[in-house]
Amino acid sequence: MKPPVFKYHRPGTVAEALAVLAEVGHDGKVLAGGQSLVPLLNMRLAAPRHLVDVNWLAELGEVACGPDAVRVGALARHARVEHDRAATGAVPLLGQAIADIAHASVRNRGTVVGSLVHADPAAELPAVLVLLGGTMELARAGDGVRRVAAADFFLGPLESAVRPGELATAATFPRPAPGAGSAWVEVARRHGDYAICGVGVLVELDQGLRVAAARAALISVGPVPVPVDLTDALGGQAADAADWAAAGRLAATAIEPEDDIHATAAYRRHLAGVLTARAARAAAAHAAERLEEAG
Ligand SMILES: Cc1cc2nc3c(=O)[nH]c(=O)nc-3n(C[C@H](O)[C@H](O)[C@H](O)COP(=O)(O)OP(=O)(O)OC[C@H]3O[C@@H](n4cnc5c(N)ncnc54)[C@H](O)[C@@H]3O)c2cc1C
(Lines give C-alpha, C1' and ligand atoms only; values in the text may rest on other atoms or scores of the structure.)
Protein backbone atom coordinates (compact mmCIF):
# COMPACT_ATOMS: atom_id res chain seq x y z
CA MET A 1 0.00 0.00 0.00
CA LYS A 2 0.98 3.62 -0.37
CA PRO A 3 0.90 6.22 2.42
CA PRO A 4 -1.93 8.76 2.67
CA VAL A 5 -1.18 12.21 1.24
CA PHE A 6 0.98 14.40 3.48
CA LYS A 7 2.98 17.60 3.19
CA TYR A 8 6.72 17.03 3.52
CA HIS A 9 8.83 19.55 5.47
CA ARG A 10 12.62 19.54 5.51
CA PRO A 11 13.86 22.03 8.12
CA GLY A 12 17.59 22.84 8.14
CA THR A 13 17.91 23.74 11.82
CA VAL A 14 16.33 22.66 15.11
CA ALA A 15 14.76 26.11 15.44
CA GLU A 16 13.09 25.71 12.04
CA ALA A 17 11.89 22.21 12.92
CA LEU A 18 10.36 23.46 16.17
CA ALA A 19 8.64 26.30 14.33
CA VAL A 20 7.05 23.88 11.84
CA LEU A 21 6.05 21.45 14.60
CA ALA A 22 4.43 24.30 16.57
CA GLU A 23 2.51 25.38 13.48
CA VAL A 24 1.19 21.92 12.50
CA GLY A 25 0.54 20.71 16.10
CA HIS A 26 -1.60 17.53 16.24
CA ASP A 27 -1.43 17.15 12.43
CA GLY A 28 2.36 16.72 12.38
CA LYS A 29 4.73 13.79 12.88
CA VAL A 30 8.52 13.79 13.08
CA LEU A 31 10.24 11.55 10.52
CA ALA A 32 13.55 10.19 11.89
CA GLY A 33 14.89 6.84 10.60
CA GLY A 34 11.44 5.99 9.26
CA GLN A 35 11.87 2.32 10.21
CA SER A 36 8.67 2.29 12.25
CA LEU A 37 6.81 5.32 10.89
CA VAL A 38 7.02 4.50 7.17
CA PRO A 39 5.51 1.00 7.56
CA LEU A 40 2.74 2.55 9.70
CA LEU A 41 2.05 5.11 6.95
CA ASN A 42 2.09 2.47 4.23
CA MET A 43 -0.34 0.31 6.19
CA ARG A 44 -2.43 3.44 6.82
CA LEU A 45 -2.25 2.93 10.56
CA ALA A 46 -1.03 6.53 10.82
CA ALA A 47 -2.15 9.45 8.63
CA PRO A 48 -0.39 12.67 9.68
CA ARG A 49 -1.03 15.61 7.35
CA HIS A 50 2.53 16.91 7.82
CA LEU A 51 5.80 15.02 8.06
CA VAL A 52 8.74 16.94 9.54
CA ASP A 53 11.95 15.27 8.37
CA VAL A 54 14.71 15.82 10.96
CA ASN A 55 17.40 13.95 9.01
CA TRP A 56 19.10 17.19 7.96
CA LEU A 57 19.61 18.48 11.50
CA ALA A 58 23.29 17.58 11.88
CA GLU A 59 23.32 19.32 15.27
CA LEU A 60 21.27 16.37 16.64
CA GLY A 61 23.77 13.70 15.58
CA GLU A 62 26.12 13.91 18.54
CA VAL A 63 26.87 11.06 20.98
CA ALA A 64 28.57 12.67 23.98
CA CYS A 65 30.21 10.69 26.79
CA GLY A 66 30.28 12.75 29.98
CA PRO A 67 31.56 11.79 33.43
CA ASP A 68 28.08 10.73 34.57
CA ALA A 69 26.21 9.74 31.44
CA VAL A 70 26.09 9.20 27.69
CA ARG A 71 23.88 11.71 25.88
CA VAL A 72 22.58 10.44 22.54
CA GLY A 73 21.31 13.08 20.11
CA ALA A 74 18.09 12.47 18.21
CA LEU A 75 19.80 11.75 14.89
CA ALA A 76 22.26 9.16 16.20
CA ARG A 77 21.43 5.86 14.49
CA HIS A 78 21.40 2.56 16.36
CA ALA A 79 24.55 1.45 14.47
CA ARG A 80 26.40 4.65 15.33
CA VAL A 81 25.88 4.03 19.06
CA GLU A 82 26.41 0.27 18.82
CA HIS A 83 29.89 0.81 17.33
CA ASP A 84 30.87 3.82 19.46
CA ARG A 85 33.44 2.29 21.80
CA ALA A 86 33.46 5.23 24.19
CA ALA A 87 29.66 5.12 24.55
CA THR A 88 29.41 1.35 24.95
CA GLY A 89 32.43 1.36 27.28
CA ALA A 90 30.70 3.92 29.50
CA VAL A 91 27.27 2.26 29.31
CA PRO A 92 27.85 -1.35 28.16
CA LEU A 93 24.12 -2.13 28.24
CA LEU A 94 23.66 0.14 25.21
CA GLY A 95 25.89 -2.07 23.06
CA GLN A 96 24.53 -5.29 24.58
CA ALA A 97 20.90 -4.37 23.83
CA ILE A 98 21.32 -2.63 20.46
CA ALA A 99 23.00 -5.73 19.04
CA ASP A 100 19.62 -7.48 19.41
CA ILE A 101 17.62 -4.81 17.56
CA ALA A 102 16.42 -6.06 14.17
CA HIS A 103 19.04 -6.43 11.40
CA ALA A 104 22.02 -4.28 10.44
CA SER A 105 20.03 -2.52 7.69
CA VAL A 106 17.41 -1.35 10.21
CA ARG A 107 20.10 -0.35 12.71
CA ASN A 108 21.82 1.71 10.01
CA ARG A 109 18.74 3.91 9.62
CA GLY A 110 16.71 3.69 12.83
CA THR A 111 17.57 6.11 15.61
CA VAL A 112 17.92 5.48 19.34
CA VAL A 113 15.68 8.42 20.19
CA GLY A 114 13.10 7.41 17.54
CA SER A 115 12.87 3.99 19.14
CA LEU A 116 12.33 5.55 22.57
CA VAL A 117 9.63 7.93 21.31
CA HIS A 118 7.93 5.11 19.40
CA ALA A 119 7.61 3.22 22.74
CA ASP A 120 7.04 -0.24 21.35
CA PRO A 121 6.59 -2.58 24.35
CA ALA A 122 8.77 -5.12 22.52
CA ALA A 123 11.64 -2.67 21.89
CA GLU A 124 14.93 -3.00 23.73
CA LEU A 125 15.94 0.62 24.31
CA PRO A 126 12.93 1.74 26.39
CA ALA A 127 13.87 -0.99 28.89
CA VAL A 128 17.50 0.15 28.85
CA LEU A 129 16.45 3.74 29.61
CA VAL A 130 14.15 2.56 32.43
CA LEU A 131 16.75 0.22 33.92
CA LEU A 132 19.43 2.91 34.00
CA GLY A 133 17.06 5.67 35.18
CA GLY A 134 17.71 7.82 32.11
CA THR A 135 16.06 10.99 30.89
CA MET A 136 14.51 12.32 27.67
CA GLU A 137 14.93 15.91 26.45
CA LEU A 138 11.87 17.35 24.73
CA ALA A 139 12.03 20.74 23.02
CA ARG A 140 9.18 23.03 21.95
CA ALA A 141 9.32 26.39 20.15
CA GLY A 142 9.64 29.22 22.67
CA ASP A 143 9.50 26.86 25.66
CA GLY A 144 13.06 25.60 26.07
CA VAL A 145 13.66 21.97 26.97
CA ARG A 146 11.45 19.75 29.13
CA ARG A 147 13.25 16.82 30.79
CA VAL A 148 11.22 13.68 31.45
CA ALA A 149 12.51 10.78 33.55
CA ALA A 150 12.30 7.32 31.96
CA ALA A 151 9.86 6.21 34.67
CA ASP A 152 7.38 8.86 33.47
CA PHE A 153 8.11 8.70 29.74
CA PHE A 154 6.51 5.41 28.64
CA LEU A 155 2.75 5.72 29.00
CA GLY A 156 1.46 2.68 27.09
CA PRO A 157 1.97 0.63 23.92
CA LEU A 158 3.27 3.05 21.25
CA GLU A 159 2.54 5.96 23.58
CA SER A 160 5.23 8.16 25.09
CA ALA A 161 5.13 11.49 26.91
CA VAL A 162 6.05 13.49 23.76
CA ARG A 163 3.29 16.05 23.14
CA PRO A 164 2.15 17.48 19.80
CA GLY A 165 4.53 20.25 18.75
CA GLU A 166 7.49 18.74 20.66
CA LEU A 167 10.73 17.37 19.27
CA ALA A 168 12.72 14.84 21.29
CA THR A 169 16.26 16.18 20.98
CA ALA A 170 18.26 13.65 23.05
CA ALA A 171 18.22 10.77 25.51
CA THR A 172 20.62 10.54 28.44
CA PHE A 173 21.77 7.14 29.74
CA PRO A 174 23.51 7.36 33.17
CA ARG A 175 26.76 5.44 33.60
CA PRO A 176 26.35 2.50 35.96
CA ALA A 177 28.46 2.49 39.17
CA PRO A 178 32.06 1.20 38.78
CA GLY A 179 31.17 -2.10 40.53
CA ALA A 180 28.19 -2.73 38.26
CA GLY A 181 27.82 -5.11 35.35
CA SER A 182 25.01 -5.62 32.89
CA ALA A 183 23.60 -8.12 30.43
CA TRP A 184 20.85 -8.25 27.83
CA VAL A 185 19.17 -11.57 26.96
CA GLU A 186 16.13 -12.19 24.75
CA VAL A 187 14.26 -14.79 22.73
CA ALA A 188 12.77 -14.03 19.30
CA ARG A 189 11.17 -16.48 16.89
CA ARG A 190 13.65 -15.58 14.15
CA HIS A 191 16.92 -13.68 14.24
CA GLY A 192 16.12 -9.96 13.94
CA ASP A 193 12.46 -10.23 14.97
CA TYR A 194 11.06 -8.35 17.93
CA ALA A 195 11.57 -10.39 21.11
CA ILE A 196 8.82 -12.57 22.59
CA CYS A 197 10.49 -11.73 25.88
CA GLY A 198 13.68 -9.81 26.67
CA VAL A 199 15.46 -8.85 29.88
CA GLY A 200 18.16 -6.38 30.81
CA VAL A 201 19.80 -6.80 34.21
CA LEU A 202 22.14 -4.54 36.16
CA VAL A 203 24.05 -6.08 39.11
CA GLU A 204 26.18 -4.06 41.53
CA LEU A 205 28.83 -5.92 43.53
CA ASP A 206 30.62 -4.83 46.69
CA GLN A 207 34.39 -5.13 47.10
CA GLY A 208 33.95 -8.67 48.47
CA LEU A 209 32.28 -9.67 45.17
CA ARG A 210 28.86 -10.03 46.79
CA VAL A 211 25.68 -8.69 45.24
CA ALA A 212 24.91 -5.26 46.69
CA ALA A 213 21.95 -4.53 44.41
CA ALA A 214 20.34 -6.03 41.33
CA ARG A 215 17.48 -4.96 39.11
CA ALA A 216 15.90 -5.96 35.82
CA ALA A 217 13.70 -4.45 33.12
CA LEU A 218 11.63 -6.77 30.95
CA ILE A 219 10.09 -6.25 27.52
CA SER A 220 7.14 -7.84 25.69
CA VAL A 221 5.47 -8.79 28.98
CA GLY A 222 3.41 -5.63 29.54
CA PRO A 223 2.31 -2.38 27.88
CA VAL A 224 5.58 -0.66 28.87
CA PRO A 225 8.97 -1.95 30.09
CA VAL A 226 8.55 -3.62 33.49
CA PRO A 227 11.23 -2.83 36.11
CA VAL A 228 11.80 -5.47 38.80
CA ASP A 229 14.08 -5.08 41.83
CA LEU A 230 15.96 -8.38 42.23
CA THR A 231 17.91 -7.39 45.35
CA ASP A 232 15.63 -9.39 47.68
CA ALA A 233 16.48 -12.56 45.75
CA LEU A 234 20.22 -11.96 45.27
CA GLY A 235 21.45 -9.41 47.84
CA GLY A 236 24.48 -10.46 49.90
CA GLN A 237 25.17 -13.57 47.81
CA ALA A 238 28.47 -14.37 46.08
CA ALA A 239 28.66 -13.19 42.46
CA ASP A 240 29.68 -16.64 41.23
CA ALA A 241 27.21 -18.69 43.29
CA ALA A 242 24.01 -16.72 43.82
CA ASP A 243 20.53 -18.20 43.59
CA TRP A 244 19.87 -17.07 40.02
CA ALA A 245 16.71 -19.16 39.80
CA ALA A 246 15.26 -17.19 42.73
CA ALA A 247 15.82 -13.98 40.75
CA GLY A 248 14.00 -15.59 37.81
CA ARG A 249 11.06 -16.61 40.02
CA LEU A 250 10.83 -13.07 41.40
CA ALA A 251 10.68 -11.58 37.89
CA ALA A 252 8.16 -14.17 36.69
CA THR A 253 5.77 -13.32 39.52
CA ALA A 254 6.20 -9.55 39.10
CA ILE A 255 4.85 -9.41 35.52
CA GLU A 256 1.38 -9.72 34.02
CA PRO A 257 1.89 -10.89 30.43
CA GLU A 258 -1.03 -11.49 28.07
CA ASP A 259 -1.71 -14.05 25.34
CA ASP A 260 -1.27 -12.81 21.79
CA ILE A 261 -0.65 -14.25 18.33
CA HIS A 262 3.06 -14.76 19.08
CA ALA A 263 2.96 -16.54 22.46
CA THR A 264 0.77 -17.46 25.40
CA ALA A 265 1.01 -15.55 28.66
CA ALA A 266 2.26 -18.73 30.36
CA TYR A 267 5.12 -19.11 27.88
CA ARG A 268 6.14 -15.47 28.28
CA ARG A 269 6.12 -15.87 32.08
CA HIS A 270 8.28 -18.99 31.74
CA LEU A 271 10.70 -17.11 29.47
CA ALA A 272 10.82 -14.15 31.87
CA GLY A 273 11.98 -16.47 34.66
CA VAL A 274 14.57 -18.32 32.62
CA LEU A 275 15.94 -15.22 30.89
CA THR A 276 16.12 -13.14 34.07
CA ALA A 277 18.11 -15.88 35.81
CA ARG A 278 20.44 -16.08 32.81
CA ALA A 279 20.87 -12.31 32.49
CA ALA A 280 21.45 -11.86 36.23
CA ARG A 281 24.23 -14.46 36.21
CA ALA A 282 25.85 -12.84 33.16
CA ALA A 283 25.53 -9.34 34.64
CA ALA A 284 27.20 -10.48 37.87
CA ALA A 285 30.07 -12.05 35.91
CA HIS A 286 30.39 -8.80 33.93
CA ALA A 287 30.48 -6.78 37.17
CA ALA A 288 33.23 -9.02 38.57
CA GLU A 289 35.25 -8.56 35.35
CA ARG A 290 34.86 -4.78 35.54
CA LEU A 291 35.94 -4.71 39.18
CA GLU A 292 39.00 -6.82 38.36
CA GLU A 293 39.91 -4.53 35.43
CA ALA A 294 39.53 -1.46 37.65
CA GLY A 295 41.99 -3.10 40.09
C1 LIG B 1 12.06 -5.26 10.08
C2 LIG B 1 12.18 -4.40 11.32
C3 LIG B 1 12.52 -5.01 12.52
C4 LIG B 1 12.62 -4.26 13.68
N5 LIG B 1 12.98 -4.88 14.84
C6 LIG B 1 13.15 -4.15 15.95
C7 LIG B 1 13.57 -4.77 17.17
O8 LIG B 1 13.81 -5.97 17.26
N9 LIG B 1 13.70 -3.97 18.28
C10 LIG B 1 13.46 -2.62 18.23
O11 LIG B 1 13.60 -1.95 19.26
N12 LIG B 1 13.07 -2.02 17.09
C13 LIG B 1 12.92 -2.75 15.95
N14 LIG B 1 12.54 -2.10 14.81
C15 LIG B 1 12.25 -0.66 14.84
C16 LIG B 1 13.53 0.18 14.74
O17 LIG B 1 14.29 0.04 15.91
C18 LIG B 1 13.19 1.66 14.56
O19 LIG B 1 14.37 2.28 14.24
C20 LIG B 1 12.64 2.43 15.74
O21 LIG B 1 11.53 1.82 16.30
C22 LIG B 1 12.17 3.82 15.36
O23 LIG B 1 13.25 4.63 15.06
P24 LIG B 1 13.24 5.52 13.76
O25 LIG B 1 14.38 6.46 13.89
O26 LIG B 1 13.20 4.64 12.57
O27 LIG B 1 11.87 6.36 13.95
P28 LIG B 1 10.71 6.67 12.92
O29 LIG B 1 10.19 5.42 12.32
O30 LIG B 1 11.11 7.76 12.00
O31 LIG B 1 9.63 7.28 13.97
C32 LIG B 1 8.99 6.44 14.90
C33 LIG B 1 8.02 7.30 15.72
O34 LIG B 1 8.74 8.16 16.62
C35 LIG B 1 8.50 9.53 16.29
N36 LIG B 1 9.79 10.22 16.41
C37 LIG B 1 10.99 9.73 15.94
N38 LIG B 1 11.98 10.56 16.28
C39 LIG B 1 11.40 11.58 16.97
C40 LIG B 1 11.92 12.75 17.60
N41 LIG B 1 13.23 13.03 17.59
N42 LIG B 1 11.04 13.58 18.24
C43 LIG B 1 9.71 13.29 18.26
N44 LIG B 1 9.18 12.21 17.67
C45 LIG B 1 10.01 11.36 17.05
C46 LIG B 1 7.92 9.54 14.89
O47 LIG B 1 7.09 10.66 14.68
C48 LIG B 1 7.14 8.24 14.89
O49 LIG B 1 5.91 8.41 15.56
C50 LIG B 1 12.39 -2.85 13.63
C51 LIG B 1 12.06 -2.22 12.42
C52 LIG B 1 11.95 -3.00 11.28
C53 LIG B 1 11.60 -2.32 9.98
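The values are calculated or read from the model by the stated rules, or taken from the named source; none is laboratory data. On a predicted model such as this, the values are computed, not experimentally measured, just so you know. Note that we place each Cβ from the backbone using ideal geometry, even for glycine, and neighbour counts take in every protein chain shown. These area figures cover heavy atoms from the full protein model, side chains too; ligands, DNA and RNA do not enter into them. Shrake-Rupley method; radii C 1.70, N 1.55, O 1.52, S 1.80 Å.
Some points to look at:
- Most tightly packed first, judged by the mean number of other beta-carbon atoms within 10 Å of their residues, the peptides 26-34, 259-267 read 26-34, 259-267.
- Using a cutoff of 8 angstrom between alpha carbon atoms and counting only pairs six or more residues apart, the relative contact order for the chain works out to 15 percent.
- Summed residue charge, Cβ within 13 Å of residue 227's Cβ, Lys/Arg positive, Asp/Glu negative: -1
- Spatial offset of segment 237-253 relative to segment 217-233 amounts to 14 Å, using the alpha carbon center of each.
- Among the GluC sites (Glu not before Pro) within segment 221-295, those in coil by DSSP and having at most 16 neighbouring Cβ atoms inside 10 Å are 258.
- Taking label positions 7 Å along the Cα-Cβ direction at both residue 294 and residue 260, the computed distance is 3.7 nm, reported to one decimal.
- Gyration tensor (Cα) of segment 151-295, equivalent ellipsoid semi-axes in angstrom: 27, 21, 13
- Just so you know, the Cα atoms of segment 1-125 work out to an Rg and Dmax of 15.3, 47 Å.
- Taking all protein chains as shown and a probe of 1.4 angstrom, residue 184 keeps an accessible surface of around 30 Å².
- Taking the inverse of the mean reciprocal distance over all distinct Cα pairs, the Kirkwood hydrodynamic radius of segment 107-185 comes to 13.3 Å.
- Computed over neighbours whose Cβ is under 12 Å from that of residue 265, the net charge equals -2, Lys and Arg +1, Asp and Glu -1.
- Once the Cα atoms are used to define both axes, helix 14-24 deviates from the longest principal axis of the chain by about 70 degrees.
- GNM remark for the chain: springs join alpha carbons under 10 Å apart, and the peak mean-square fluctuation among 67, 223, 257 falls on 67.
- Against the chain, whose longest principal axis comes from its Cα atoms, helix 265-294 is set at around 80 degrees.
- Percent of alpha-carbon pairs separated by more than 15 Å within segment 219-295: 58
- Segment 77-213: C-alpha pair distances exceeding 26 Å, %: 25
- Relative pair counts by distance (%), Cα atoms of the chain, 10 Å bins: 7, 28, 34, 21, 9, 2, 0
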